[in-house]
Amino acid sequence: MVVLSACTPAGESHPRTTPPANGAAPSTDASGGRPPCTPSVDTLPAPPAGYRLVGKDVAVPDARVMSAEASGEADPAARLFAKWGLVVRAGRVVDLRVAPGWQDKARLGWGGTPAPTATVHACAPEGGQGQWMAFVGGTWVAQAACVPLIVTSNGQDERVNLGIGVPCDKTTTP
């Protein structure tokens, strides 16, 4: 996680860029009609320790609780921010969204303004180095919560719960 969390300038807890409509910042890559590449911060041979796979193409932190701090965002649904790195298999496009019923309570993003949805296009790196791409971003919440996210890759939806400021209780569903 150190590699993923140490990639923003000192004193900046999350990215503050103008995003495209889908919430992820594209590169200027000439993609030949494919979605533009989302800028990654690292290439990896495999998801790092402390991460769990969601489906076959996405890895998220396996931490019981992710620390949340005041975000400074005006959006009431983005009052707190938990920074974490998203890891996506190279060459894949994934869509992430907060689960139904959470659109007014949580936001997410990797390279853009907090939004209820984000698309990440993990272009293959030059020379084929690394099978996984790492992206800096995270989850914003109105208050500490167990946040359900829906991850879509290769036409398959997977649900993952993330403890943002509090652990997820395994006996109940958010």
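The values are calculated or read from the model by the stated rules, or taken from the named source; none is laboratory data. Note that the coordinates shown come from a computational prediction; the quantities given were computed from them, not determined experimentally. Cβ coordinates were reconstructed from backbone atoms using ideal geometry, including for glycine residues, and neighbour counts include every protein chain displayed. Accessible surface is based on the protein model in full, side chains and every heavy atom, while ligands, DNA and RNA are left aside. Shrake-Rupley method; radii C 1.70, N 1.55, O 1.52, S 1.80 Å.
When you scan segment 78-97, how many residues do you find that are among the aliphatic types (A, V, I, L, M), part of a strand (DSSP E or B), over 17 Å from Cys37 (Cα atoms) and open to solvent by less than 20 Å² (accessible area, probe 1.4 Å)?
Let us first name the residues in segment 78-97 that are among the aliphatic types (A, V, I, L, M), namely 78, 80, 82, 86-88, 90, 93-94, 96.
In the following step, the residues that additionally are part of a strand (DSSP E or B) were identified as 80, 82, 86-88, 93-94, 96.
From what is left, the residues that are over 17 Å from Cys37 (Cα atoms) are 80, 82.
From what's left, open to solvent by less than 20 Å² (accessible area, probe 1.4 Å): 82.
Residues meeting the conditions: 1.
Do you know which residues across segment 56-67 are open to solvent by 30 Å² or more (accessible area, probe 1.4 Å), of a type in the set (A, V, I, L, M, F, W, C) and modelled with pLDDT of 95 or more? Matches in segment 56-67: Val65 only. One residue stands out in segment 26-49 among those that are open to solvent by 60 Å² or more (accessible area, probe 1.4 Å) and at pLDDT 90 or above: the one that is farthest from the chain's Cα centre (by Cα), namely Pro45.
Each row is one residue, and each column tells you yes or no for (1) outside any strand (DSSP E or B); (2) more than 27 Å from Ala77 (Cβ to Cβ); (3) touching a Gly at 6+ places or on another chain (Cβ under 8 Å); (4) modelled with pLDDT of 95 or more.
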residue	(1), (2), (3), (4)
Ala124	yes, yes, yes, no
Gly127	yes, yes, no, no
Gly130	yes, yes, no, no
Glu158	no, no, yes, yes
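Residue check: is Gly101 in a loop (DSSP other than H, G, I, E, B) and buried (at least 17 other Cβ atoms within 10 Å of the Cβ)? No: the conditions fail for Gly101.
Here's the yes/no breakdown for (1) in contact with a Lys or Arg (Cβ under 9 Å, 6 or more places away or on another chain); (2) at negative phi:
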site	(1), (2)
Asp62	yes, yes
Ala90	no, yes
Ala106	no, yes
Gly111	no, no
Glu126	no, yes
Gly130	no, no
Phe135	no, yes
Trp140	yes, yes
Ile150	yes, yes
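Do we find that Val147 is touching a residue at least 60 places away in the same chain (Cβ under 8 Å) and part of a strand (DSSP E or B) in this structure?
Values: touching a residue at least 60 places away in the same chain (Cβ under 8 Å): no; part of a strand (DSSP E or B): yes.
Spelling it out, it is not the case that Val147 is touching a residue at least 60 places away in the same chain (Cβ under 8 Å) and part of a strand (DSSP E or B).
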